[in-house]
Amino acid sequence: MRAVRFQEYGGPEVLKTVEADVPEPGPGQVSVDVAYAGVNFADLKARSEGYRVGGLPYVPGLEVSGRIRAVGAGVEGLAVGQEVAALTDGGGYAEVTVADAVTVFPLPAGVGLRTAATLTTVLPTAYALVHSVGRLRSGETVLVQGAAGGVGTVVGQLARAAGAGAVYGVVSSAPKAAYAKDHGYDEVFVGAFEQPVRQATGGRGVDLALDPVGGETLRASLDSLAAFGRLVSYGNASSAAPWTAGPPELYPLGRSVAGFSILSLTTTAPAELRRLAERAFEKAVDGTVSLPVTAEFALAEAAQAHRLMGARTSTGKLLLRVAD
Ligand SMILES: NC(=O)c1ccc[n+]([C@@H]2O[C@H](COP(=O)([O-])OP(=O)(O)OC[C@H]3O[C@@H](n4cnc5c(N)ncnc54)[C@H](OP(=O)(O)O)[C@@H]3O)[C@@H](O)[C@H]2O)c1
């Protein structure tokens, strides 16, 4: 089978298309003939700095859609030939990949294979950020970094549907701001956001801030919270050194900080992850959210997808077309 992998960390050019052995599912797993693979920022972090890479060579790719090819021992409720969306622990940039059955989902009603490849990371993550972890209540205000990206566009739509009083986004360019405004955001700030947020909220700050950037942006997000506000950290796009919050940052205004990692949840609480994903998928089925695919590349062009996202010029979701 064809797969795209890297043998060393570096720029998009380290991604090479190779012939590889077809993986077989172990107990509790299935293999999937991949139709499409979603591109996630985590794939770029894997390629450039080894994020969650167990060993080299490594095939990136955390989410796919396709048909079940083979079923491992002990798997119930999934059958060969069934169309599914799957969250994988790497390996998605390939004609065949393997996934734990607990993170393999029959296609939700009305969702085709193309959209399904974008379901399993972005939608449960965005749902958890707004609801399970962020606990957004009607009327509250929300601030979201990376508002025009894969997670950001879904968070905007979910927050609005949940009755947010105002949804504020932060992006790195004016075109991204315009794009985010079409996906649930009331106001989108380009670059610096602390002063604009204060101004927009009449000096009060926001009730919920969602941060996938880390470093100084995480600190500024925390500083942008109103009294009793919540910050959810869910990434470190800036690759800044880990930063901690303690009593000086949290006590005076009763602020709190939480975290979320969908990939960790697959091992720490797989049953919770499955419930979360199923609740989240309903939001795509009932039309609450759309999952905008803005660019599609052939598998062998994965490097181009990485260039687009790495240059901070992508919006919505990027897809790799694996089956011809
Ligand atoms: N914890 C979880 O479970 C989880 C799950 C999925 C995604 N994530 C995180 O959520 C974020 C979005 O993921 P995605 O796959 O949907 O990607 P994406 O948003 O489609 O694209 C990457 C995003 O990162 C921002 N960015 C890129 N380089 C940056 C840098 N050096 N400093 C600050 N921001 C940078 C870009 O926003 P601007 O150019 O507008 O700043 C862009 O929105 C990523 O940080 C990812 O790791 C976390």
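The values are calculated or read from the model by the stated rules, or taken from the named source; none is laboratory data. The model shown is predicted, which means the values in this text are computed figures rather than measured ones. Counting neighbours? That spans all protein chains shown, and the Cβs are built from the backbone with ideal geometry, glycine included. SASA here: full protein model, heavy atoms, side chains in, ligands and nucleic acids out. Shrake-Rupley method; radii C 1.70, N 1.55, O 1.52, S 1.80 Å.
The string of couplings for segment 60-69 from the Karplus curve (6.51, -1.76, 1.60, θ = phi - 60°) is x, x, 10, 8, 9, 10, x, 10, 5, 9 Hz, one whole number per residue in order, with x for Gly and Pro.
Give the separation of the Cα centroids, segment 26-49 to segment 223-249, in Å. Taking the Cα centre of segment 223-249 as reference, the centre of segment 26-49 is 29 Å away. Note on exposure: Arg307, Arg135, Arg321 ranked by accessible area (1.4 Å probe, complete protein assembly) read Arg135, Arg307, Arg321, with the most exposed listed first.
Taken along the Cα-to-beta-carbon direction at a fixed 7 Å, the label points for Val285 and Leu56 span 4.4 nm. A Förster radius of 22 Å, combined with the Cβ-Cβ distance separating Glu8 from Thr313, puts the computed FRET efficiency at roughly 0.30. Computed from backbone phi with θ = phi - 60° and the Karplus coefficients 6.51, -1.76 and 1.60, the 3J(HN,Hα) list for segment 232-244 is 10, 8, 9, x, 9, 4, 6, 6, 6, 4, x, 10, 10 Hz; x is used for glycine and proline. Full extension of the chain between Ala269 and Ala298 yields a length gain of 7.0 nm, computed as 0.36 nm times the residue separation minus the alpha carbon distance.
Given the chain, what count of lysine pairs have C-alpha atoms under 23 Å apart, with each pair 8 or more places apart or on different chains?
Step by step, the pairs that qualify in the chain add up to 8.
Share of the chain's accessible area from carbon and sulfur, percent, 1.4 Å? Carbon-and-sulfur percentage of accessible area, whole number: 51. Computed over protein heavy atoms with a 1.4 Å probe, the accessible surface of the chain works out to 41 Å² per residue.
Considering only beta bridges that DSSP places wholly inside the chain, some 55 percent are antiparallel. Contact order for the chain, expressed relative to its length and based on alpha carbon pairs under 8 Å spaced 6+ residues apart, stands at 18 percent.
For segment 275-324 versus segment 154-199, the inter-centroid distance based on Cα atoms is 20 Å.
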